[in-house]
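Student: Below: one structure in structure tokens.
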Amino acid sequence: MPSRVAIWLFCLSPLVWIPGGFDRFVFPKLVLATAGIAAAGLAVRAGRLPKPVAVVAVAGLAWFALACLLSPTPWASFFGRWPRYEGVPVLLAYAGCAWAGARLLGNRRRADVETLATALSVTSLLLGFVSVCSALGWSIEGESVESRTGSVLGNATDQGMVAMMLAAVLFAVWSERRTPLLLAGLGASALTLVLSGSRASLLAAVVVVAGQVLLRRRELARYAAGALVVLVGLALALPQTRDRITEGRTIEGRWLLWKESLHVGADRWWSGGPSTFVDAIGRHKDADWVRVIGTRNPPDSPHSWLLQALVAGGIPLLLLAVALAVLVLRAGWLAVRRAPEDSLTLGALAATVGYGLALLPNFTVAGSTCLAAFLTGVLVGQEASRTERPALPRALAGVAAAGVVLFALGAFAERSLSTGIHQVLGHDTAAAQQAFDQAHHLRPWDADVAMLAAQALAAPADGGDPEAARETERWARRSLDRTPDTYAAGLALAVAQRAQGDLDGATRTLDRLVRLYPTEPGARIERGRVRFGRRDVDGARADLAEARRLDPRDRTPRRLLREIEKRLGAGRS
């Protein structure tokens, strides 16, 4: 019974979200995945991870933890940063998903294989339903400002990767047992994949389906060819997906991001800096970055699992990540060779390879990685005797249960953050402050709760609310105590200082911010305001002109320049 519960929890984890939460898509998925790990620890062992895979994974986790301690922000690096929070607890959850996959399905007991096939089919049908709803404009998960919504995954690429993995496994299993449920799940996953518009996931799907046919099921070539024709036809027929496939701007932007990521990695090539990329990338942005990518939505990841390992843990972690990938592929290949008739092994290999391919231009996140890690464990799991010392799995189940509590508190904090932001928009600073305090108490380990609170309160502070200005400064300083180079917190602090008349303090804050983030127009705009307040008219003009050049779409610099000239003209008259 615990094994079936665990399998269902892992399969359903991509589907859960926090209704009304600020960031709705990370913590609830971690809650279900860690609950699945706990259930797996209570189940009878059916398999285990190969020793080389386990050793390299443990070495990678150990080096990552050491890199956190060597980081400029050890606390924030250890627990991870908003919005993905991929610190030590989340990486342990990913590793636990792989351990659970091997433990539950290492010997392919028929009942567990049936449970997995059913759970994946149901997950695919549910994801297909909500994806169609999102495409039609009815987002049951809540409003989104993104042009490509990811339904309950929160990101269209994540939606595509999950759909691709579901399709890879279901296609292999359907080739052996052509049940209506498997066929429906396979069709739903293909539809979800096309609706996502994810080029990497579509390409990965083509590769893994073709690979399955070449490896074992050549007699299914006509079905695979038909499926690929339908997939490509749908992708070209849907305008949003077709435009995404033919768009070249994001490809150029990705190359620039990778180039700058290499510069970030070169700065700390030995130890890296987990969860510091969002702060470090600002000093490497150049004119080409501003021209192609713009100045909005700063990335928190290099968008490539290889570069992600490099910037997080330096060259040692990159080498360990590559070694782990090689060992997983080798173990999966040997498993397929040992049991060529095992459709689940073939499907798990296809899903794992497809996920690795899709991650080459993308980043890891809980919604897709928990499922991918579980399927990887299923792929490499080796049969083990059922007799074992119960202390270790029970201890791991206890640790997973603690993780459930930690991530559940994190999920509740998202509701409090959302409430606080809505109270700010409703001009109720006192209620907003109460909500932000509650979020901080629920998630005291998260430095970015303070950053988000300061960022939200900076608007009423700028509008002349003295209470909001005081609270903005308090939250901003709390954020900067743990992550001194955080742009949003630094800018919020400068706004609060200016609003309270501390122009000298605001100048010092902004001078440092402009030095760290020379291509961010917001810091230039704020420093222009402060400089004008200090009667440095030429400095104010220079900052506002530079901000206008950096982001021509923003009308604020033009408006402020006109106001300056109007005031100077009134003074002269």
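The values are calculated or read from the model by the stated rules, or taken from the named source; none is laboratory data. Source: prediction; values computed, not measured. A quick note on method: Cβ atoms are made from the backbone with ideal geometry, for glycine too, and the neighbour counts reach across all protein chains shown.
Student: Please find, among Ala372, Ala397, the residue that is among the small types (Gly, Ala, Ser) and in contact with a Gly (Cβ under 6 Å, 6 or more places away or on another chain). Give the derivation first.
Tutor: Working: Ala372 fails: in contact with a Gly (Cβ under 6 Å, 6 or more places away or on another chain).
None of the others qualify; the one that does is Ala397.
Student: For Phe436, state whether it is of a type outside the set (Asp, Glu), in the same structural domain as Thr276 (by TED's automatic domain parsing) and either touching a strand residue (DSSP E or B) at 6+ places or on another chain (Cβ under 7 Å) or surrounded by 24 or more Cβ atoms within 10 Å (Cβ to Cβ) (or both).
Tutor: Values: of a type outside the set (Asp, Glu): yes; in the same structural domain as Thr276 (by TED's automatic domain parsing): no; either touching a strand residue (DSSP E or B) at 6+ places or on another chain (Cβ under 7 Å) or surrounded by 24 or more Cβ atoms within 10 Å (Cβ to Cβ) (or both): yes.
Judged against the criteria, Phe436 is not a match.
Student: Specify which of the listed residues (Leu49, Leu9) is in contact with a strand residue (DSSP E or B) (Cβ under 9 Å, 6 or more places away or on another chain), over 30 Å from Gly420 (Cβ atoms) and surrounded by 21 or more Cβ atoms within 10 Å (Cβ to Cβ).
Tutor: Leu49
Student: For residues in the stretch 89-134 being of a type in the set (S, T, N, Q) and assigned to a helix (DSSP H, G or I), which is farthest from Phe374 (Cα to Cα)? Let's see the steps before the verdict.
Tutor: In the first step, residues of the stretch 89-134 are kept if they are of a type in the set (S, T, N, Q); the result is 107, 115, 118, 121, 123-124, 131, 134.
Checking the rest, the ones that are also assigned to a helix (DSSP H, G or I) come to 115, 118, 121, 123-124, 131, 134.
Values: Thr115: 14, Thr118: 16, Ser121: 16, Thr123: 15, Ser124: 16, Ser131: 23, Ser134: 27 Å.
So, considering only residues that are of a type in the set (S, T, N, Q) and assigned to a helix (DSSP H, G or I), the one farthest from Phe374 (Cα to Cα) is Ser134.
Student: For Gly294, work out the one condition from (1) farther than 9 Å from Val311 by Cα; (2) part of a helix (DSSP H, G or I) it doesn't fulfil.
Tutor: Failing condition for Gly294: (2).
Student: Only residues that are at pLDDT below 85 and more than 21 Å from Val122 (Cα to Cα): list them for the stretch 198-210, please. Explain how you work it out, then say what you get.
Tutor: Of the stretch 198-210, the ones at pLDDT below 85 are 209-210.
Answer for the stretch 198-210, where residues must be at pLDDT below 85 and more than 21 Å from Val122 (Cα to Cα): just Ala210.
Student: Further question: Just the residues that are within 18 Å of Val326 (Cα to Cα), of a type in the set (A, V, I, L, M, F, W, C) and not in a helix (DSSP H, G or I), please, taken from the stretch 45-57.
Tutor: Within the stretch 45-57, Leu49 is the sole residue that qualifies.
Student: Scan the stretch 75-88 for residues that are surrounded by fewer than 21 Cβ atoms within 10 Å (Cβ to Cβ), in contact with a Phe, Trp or Tyr (Cβ under 8 Å, 6 or more places away or on another chain) and assigned to a helix (DSSP H, G or I) and report the count.
Tutor: Of the residues in the stretch 75-88, 2 are surrounded by fewer than 21 Cβ atoms within 10 Å (Cβ to Cβ), in contact with a Phe, Trp or Tyr (Cβ under 8 Å, 6 or more places away or on another chain) and assigned to a helix (DSSP H, G or I).
Student: Separate question: Are there any pairs, at least 6 apart or on different chains, whose C-beta atoms fall under 8 Å, with the first in the stretch 109-128 and over 11 Å from Ala163 (Cα atoms) and the second among the basic types (Lys, Arg) and at pLDDT 95 or above, and if so, which?
Tutor: Partner pairs satisfying both residue conditions: Ala111/Arg4; Asp112/Arg4; Thr115/Arg4.
Student: Let me ask something additional. Got a sec? Which of Arg527, Arg534 is surrounded by fewer than 16 Cβ atoms within 10 Å (Cβ to Cβ), under 26 Å from Asp485 (Cβ atoms) and assigned by TED's automatic domain parsing to the domain that holds Tyr487? Please lay out each step first, then the result.
Tutor: Values: Arg527 fails: surrounded by fewer than 16 Cβ atoms within 10 Å (Cβ to Cβ).
Arg534 is the lone residue from the list that is surrounded by fewer than 16 Cβ atoms within 10 Å (Cβ to Cβ), under 26 Å from Asp485 (Cβ atoms) and assigned by TED's automatic domain parsing to the domain that holds Tyr487.
Student: Please return the ranges of helices (runs of 4 or more DSSP H) entirely within the stretch 412-526 where 1 or more residues are more than 24 Å from the chain's Cα centre (by Cα) and under 24 Å from Asp300 (Cα atoms).
Tutor: Values: elements: 429-442, 447-462, 466-482, 487-499, 503-516.
Helices (runs of 4 or more DSSP H) meeting the threshold: 447-462, 466-482, 487-499, 503-516.
Student: Look through the stretch 332-360, keep the residues that are surrounded by 21 or more Cβ atoms within 10 Å (Cβ to Cβ) and over 19 Å from Val213 (Cα atoms), and return whichever of them is farthest from the chain's Cα centre (by Cα).
Tutor: If we take residues in the stretch 332-360 being surrounded by 21 or more Cβ atoms within 10 Å (Cβ to Cβ) and over 19 Å from Val213 (Cα atoms), then Ala358 is farthest from the chain's Cα centre (by Cα).
Student: Right, another one. Can you give me the number of residues within the stretch 17-49 that are of a type in the set (Lys, Arg) and under 16 Å from the mean Cα position of the chain (by Cα)?
Tutor: Going through the stretch 17-49, the residues of a type in the set (Lys, Arg) turn out to be 24, 29, 45, 48.
Next, only the ones that are under 16 Å from the mean Cα position of the chain (by Cα) stay: 24, 29.
Going through the stretch 17-49 one residue at a time, the tally reaches 2.
Student: Follow-up. Only one of Asp288, Asp243, Asp279 is at pLDDT below 95, assigned to a helix (DSSP H, G or I) and within 20 Å of the chain's Cα centre (by Cα); which?
Tutor: Working: Asp288 fails: within 20 Å of the chain's Cα centre (by Cα); Asp243 fails: within 20 Å of the chain's Cα centre (by Cα).
Result: Asp279 is the single residue among Asp288, Asp243, Asp279 that is at pLDDT below 95, assigned to a helix (DSSP H, G or I) and within 20 Å of the chain's Cα centre (by Cα).
Student: Go through the stretch 58-74 and count every residue that is closer than 12 Å to Thr276 by Cβ and part of a helix (DSSP H, G or I). Working first, answer last.
Tutor: Here is the first cut: in the stretch 58-74, the ones closer than 12 Å to Thr276 by Cβ are 67-68, 70-74.
From what is left, the residues that are part of a helix (DSSP H, G or I) are 67-68, 70, 74.
Number satisfying all stated conditions: 4.
Student: Taking Arg338 as the residue in question, decide whether it is out of contact with any Ser or Thr (no Cβ under 7 Å at 6 or more places or on another chain) and within 30 Å of Lys51 (Cβ to Cβ).
Tutor: Answer is yes for this residue.
Student: Checking Glu383 against (1) in contact with a strand residue (DSSP E or B) (Cβ under 6 Å, 6 or more places away or on another chain); (2) within 23 Å of Ser275 (Cβ to Cβ); (3) of a type in the set (Asp, Glu), which test does it fail?
Tutor: (2)
Student: Then there is this: Out of the residues in the stretch 361-401 that are under 22 Å from the mean Cα position of the chain (by Cα), outside any helix (DSSP H, G or I) and among the hydrophobic types (A, V, I, L, M, F, W, C), state the one that is surrounded by the most Cβ atoms within 10 Å (Cβ to Cβ).
Tutor: In the first step, residues of the stretch 361-401 are kept if they are under 22 Å from the mean Cα position of the chain (by Cα); the result is 361-377, 400.
This time we only want the ones that are outside any helix (DSSP H, G or I), so: 361-365.
So of that shortlist, the ones also among the hydrophobic types (A, V, I, L, M, F, W, C) come out as 363, 365.
Details: Phe363: 21, Val365: 23.
For the stretch 361-401, the residue satisfying everything is Val365.
Student: On to the next question. What pairs come up if the first residue lies in the stretch 159-186 and is within 18 Å of Glu341 (Cα to Cα), the second is of a type in the set (Lys, Arg) and part of a loop (DSSP other than H, G, I, E, B), and their beta carbons are under 6 Å apart, counting only those six or more places apart or on different chains?
Tutor: Ser175/Arg217
Student: While we're here: State whether one or more residues within the stretch 476-494 are more than 23 Å from Arg81 (Cβ to Cβ), surrounded by fewer than 22 Cβ atoms within 10 Å (Cβ to Cβ) and among the basic types (Lys, Arg).
Tutor: Residues of the stretch 476-494 that are more than 23 Å from Arg81 (Cβ to Cβ), as a first pass: none.
No: zero hits.
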